[in-house]
């Protein structure tokens, strides 16, 4: 990865004002354009072959009218959007809070200026002062270059909302990025890494496009691994009507390492509990890349989880370790497709705990579910099986800032691991730093921006590595699990990546299991302990 | 988007050089793509490619490496069914390089 320039951050003062600094598309900072077949699959506008590297993006002749009408429609529809366009006083409190600004030094990555890219156009066409005084009033014409600038920078924002925590007005910059992306989407200006998963999810039920038999065979592969490890044969059910609980998790968990170890964790835990639950090959995706294109598409993809819960006649839904899935469930689902009155208010069948926070959505986060099990002493745990690990925890942006899950995963980890260390407090909980690859930016061709944007998070991990010898970064998000291995290899070599339920399953003592000689990854437990002892002696 | 000519035919590729239409794949196309990667294909290389294509035929997605390793161990023995062997054949990684030569599309999402 030595080809990346990530360590050369230029914070020098720009030569010209931002309006007079044209956008420059830099290698490794942006994604490939969307493919026509993926736009066609969901009925998105303007499906055609195009490349984000070309000069001509093949947009309709009346593109300006489409964008301005789209803006007007949204200003009327979303009061938040109108408010966020009007109230910013450009105080700059957000500027140095953004991981992309810290990592790139590019002024247009300051949240205030990223929003200003859109706000300037709003002023020109929708405010009197902007119409009369133009540039003096911070207004500018909408041109093709402005459009390209939007595309470049709205896909250099991960909608993580760290800036919003520091905004005295509470402006949610993620919502500005979301509207910016919606407007671009009206012209077919999407990215391949987002439009592809959206089309897959719409057609086959999950981002990866796993067909039902493939999804099932993936889980059977994991069951085989569990059998080898524990001698226990687990037989989960799929699409079973009448199950008490529907379990939904990101498809990355069943398909890609290291998420697959987390999926093994779910399977082992539910088996030990004797939980009456089912997987679904239709609602086979917890994530929602539709949310990264438009409100309407997010709603369409979210609907299928509830349609499946209704069809199967389950009582409630249990959700796996995912990030933006929970922002959607906790903050959007209720007005999109809720309230889910046909389901029951979730009650843990093991402890009797009523999850009142999920009263409306009927969707419980697995970290809450497992923390509650441990609290009631329902699990037999041997944390020494994680003794080869020194673990720190990354608060995923969406579960922390989008729903306030801070204590539950920590409580779980402290019960299943003996060595747990926190990153510095300005980088955790609601102030957590993004992985740099969220909101559909976890492609390969934009690796440069991923490494730059992930730098503040990696820097905090490095601190724990140097201070405590941390060698494992835990999280509760599938994008984290997909994105962090590259980030750690680049900035903090020697630190691995895990989901919390992989750690749970390592420690979980299952009735009738054979003696464990390895952890879920097949690493020798004995050897790991000996290595630790030898290292400590030295 | 890109393309290449082979035997009088034009083949479309995506920005990363992956074949756009998997049904256009042939052994000659595989050889061409391997050459682009700077690889000399041997019988051992083809064993992996053939397995990938069979897997894709059934499951419509490229397998995760662990499944590939396990399946190859089962079919061709443990001396071939390990990560090192696969990386020796495909230094850029079996998932990336071998899938490209086999004409399979790249998985997208939380991967």
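The values are calculated or read from the model by the stated rules, or taken from the named source; none is laboratory data. These numbers were taken from a predicted model, which means no experiment stands behind them. Positions of Cβ are generated from backbone atoms using ideal geometry, with glycine treated the same way; all protein chains shown enter the neighbour counts.
Given (1) touching a strand residue (DSSP E or B) at 6+ places or on another chain (Cβ under 8 Å); (2) surrounded by fewer than 18 Cβ atoms within 10 Å (Cβ to Cβ); (3) closer than 18 Å to residue A:468 by Cα, where does residue A:390 come up short, assuming only one miss?
Failed condition: (2).
Testing residue A:210 on (1) away from chain B (no Cβ under 14 Å); (2) outside any helix (DSSP H, G or I); (3) touching a residue at least 24 places away in the same chain (Cβ under 8 Å), one condition comes back false. Which one is that?
Every condition holds for residue A:210 apart from (1).
Got a sec? Which helices (runs of 4 or more DSSP H) wholly within the range A:467-538 have at least 3 residues that are away from every other protein chain (no Cβ under 14 Å), at pLDDT 95 or above and under 25 Å from residue A:103 (Cα atoms)? Full working, then the answer.
Working: elements: A:478-491, A:500-507, A:525-537.
It comes to A:478-491.
Given the criterion under 28 Å from residue A:287 (Cβ atoms), more than 14 Å from chain A (Cβ to nearest Cβ) and within 11 Å of the chain's Cα centre (by Cα), identify the matching residue among B:104, B:52. Full working, then the answer.
Working: B:104 fails: more than 14 Å from chain A (Cβ to nearest Cβ).
Being under 28 Å from residue A:287 (Cβ atoms), more than 14 Å from chain A (Cβ to nearest Cβ) and within 11 Å of the chain's Cα centre (by Cα) holds for just one of B:104, B:52, which is B:52.
Return yes or no: is residue A:64 in contact with a helix residue (DSSP H, G or I) (Cβ under 7 Å, 6 or more places away or on another chain) and in a helix (DSSP H, G or I)?
Values: in contact with a helix residue (DSSP H, G or I) (Cβ under 7 Å, 6 or more places away or on another chain): no; in a helix (DSSP H, G or I): yes.
No: the conditions fail for residue A:64.
Quick one: is residue A:229 within 11 Å of another protein chain (Cβ to nearest Cβ) and in contact (Cβ under 8 Å) with a residue 40 or more places away in the chain?
Values: within 11 Å of another protein chain (Cβ to nearest Cβ): no; in contact (Cβ under 8 Å) with a residue 40 or more places away in the chain: yes.
Judged against the criteria, residue A:229 is not a match.
In the range B:15-25, which residues are free of Cβ contacts under 8 Å to residues at least 60 places away in the same chain and surrounded by 15 or more Cβ atoms within 10 Å (Cβ to Cβ)?
Keep residues of the range B:15-25 that are free of Cβ contacts under 8 Å to residues at least 60 places away in the same chain, which gives B:15, B:20-21, B:23.
Passing the criteria: B:15, B:20.
Within the range A:299-311, restricting attention to residues that are buried (at least 23 other Cβ atoms within 10 Å of the Cβ) and more than 14 Å from chain B (Cβ to nearest Cβ), which residue is farthest from residue A:241 (Cα to Cα)?
Going through the range A:299-311, the residues buried (at least 23 other Cβ atoms within 10 Å of the Cβ) turn out to be A:301, A:305, A:309.
Still in the running and more than 14 Å from chain B (Cβ to nearest Cβ): A:305, A:309.
Numbers: A:305: 14, A:309: 9 Å.
So, considering only residues that are buried (at least 23 other Cβ atoms within 10 Å of the Cβ) and more than 14 Å from chain B (Cβ to nearest Cβ), the one farthest from residue A:241 (Cα to Cα) is A:305.
Tell me, which residue of the range A:28-46 that is in a loop (DSSP other than H, G, I, E, B) and within 14 Å of another protein chain (Cβ to nearest Cβ) is surrounded by the fewest Cβ atoms within 10 Å (Cβ to Cβ)?
As a first pass, look at the range A:28-46 and keep what is in a loop (DSSP other than H, G, I, E, B): A:28-32, A:34-35, A:43-46.
From what's left, within 14 Å of another protein chain (Cβ to nearest Cβ): A:28, A:30-32, A:34-35.
Values: A:28: 17, A:30: 22, A:31: 23, A:32: 22, A:34: 27, A:35: 21.
Result: A:28.
Suppose the filter is within 12 Å of residue B:51 (Cβ to Cβ) and within 11 Å of chain A (Cβ to nearest Cβ); does residue B:98 pass it?
So residue B:98 does not fit the description; no.
Determine if the range A:74-94 includes at least one residue that is without any contact (Cβ under 8 Å) to a residue 40 or more places away in the chain and not in a helix (DSSP H, G or I).
yes
Given (1) free of Cβ contacts under 8 Å to residues at least 40 places away in the same chain; (2) over 11 Å from the mean Cα position of the chain (by Cα); (3) within 14 Å of chain A (Cβ to nearest Cβ), where does residue B:61 come up short, assuming only one miss?
Condition not satisfied by residue B:61: (1).
What are the residues in the range A:162-199 that are within 17 Å of residue A:83 (Cα to Cα) and not in a helix (DSSP H, G or I), if any?
Passing the criteria: A:167, A:168, A:169, A:170, A:171, A:172.
Can we say residue A:203 is within 14 Å of chain B (Cβ to nearest Cβ) and either within 30 Å of residue A:32 (Cα to Cα) or not in a helix (DSSP H, G or I) (or both)? Spell out how you get there, then give the answer.
Details: within 14 Å of chain B (Cβ to nearest Cβ): yes; either within 30 Å of residue A:32 (Cα to Cα) or not in a helix (DSSP H, G or I) (or both): yes.
Against the criterion (within 14 Å of chain B (Cβ to nearest Cβ) and either within 30 Å of residue A:32 (Cα to Cα) or not in a helix (DSSP H, G or I) (or both)), residue A:203 qualifies.
Among A:398, A:388, which is touching a residue at least 24 places away in the same chain (Cβ under 8 Å) and within 14 Å of chain B (Cβ to nearest Cβ)?
Details: A:388 fails: within 14 Å of chain B (Cβ to nearest Cβ).
On inspection, the qualifying residue turns out to be A:398.
Tell me which helices (runs of 4 or more DSSP H) are completely within the range A:96-153 and hold 1 or more residues being closer than 19 Å to residue A:70 by Cβ and within 29 Å of the chain's Cα centre (by Cα), or say none if there are none.
On the way: elements: A:99-104, A:111-126, A:128-133.
Qualifying helices (runs of 4 or more DSSP H): A:111-126.
Which number in (1) touching a strand residue (DSSP E or B) at 6+ places or on another chain (Cβ under 9 Å); (2) over 23 Å from residue A:163 (Cα atoms) marks the one condition that residue A:489 misses?
The one condition residue A:489 does not meet is (1).
Identify, from the list A:180, A:188, A:196, the residue that is within 14 Å of chain B (Cβ to nearest Cβ) and in contact (Cβ under 8 Å) with a residue 24 or more places away in the chain. First the steps, then the outcome.
Working: A:180 fails: within 14 Å of chain B (Cβ to nearest Cβ); A:188 fails: within 14 Å of chain B (Cβ to nearest Cβ).
Selected residue: A:196, the only one of A:180, A:188, A:196 that is within 14 Å of chain B (Cβ to nearest Cβ) and in contact (Cβ under 8 Å) with a residue 24 or more places away in the chain.
When the residues of the range A:426-449 are filtered to those that are more than 14 Å from chain B (Cβ to nearest Cβ) and in a helix (DSSP H, G or I), which remaining residue is surrounded by the fewest Cβ atoms within 10 Å (Cβ to Cβ)? Working first, answer last.
First pass over the range A:426-449, keeping only residues more than 14 Å from chain B (Cβ to nearest Cβ): A:426-434, A:436, A:448-449.
Next cut, in a helix (DSSP H, G or I) only: A:426-427, A:429-431, A:448-449.
Numbers: A:426: 12, A:427: 20, A:429: 17, A:430: 14, A:431: 16, A:448: 19, A:449: 29.
Filtering first and then ranking leaves A:426.
State which residue is farthest from the other protein chains (Cβ to nearest Cβ) when the search covers only the range A:256-275 and only residues that are in a loop (DSSP other than H, G, I, E, B) and out of contact with any strand residue (DSSP E or B) (no Cβ under 6 Å at 6 or more places or on another chain).
This residue is A:274.
Select from the range B:73-94 the residues that are under 14 Å from the mean Cα position of the chain (by Cα) and surrounded by 15 or more Cβ atoms within 10 Å (Cβ to Cβ) and write down the one among them that is farthest from the other protein chains (Cβ to nearest Cβ). First the steps, then the outcome.
Initially, the range B:73-94 is screened for residues under 14 Å from the mean Cα position of the chain (by Cα), giving B:86-87, B:89-94.
Now narrow it down to the ones that are surrounded by 15 or more Cβ atoms within 10 Å (Cβ to Cβ): B:86, B:89-90, B:94.
Working: B:86: 14, B:89: 20, B:90: 17, B:94: 13 Å.
This residue is B:89.
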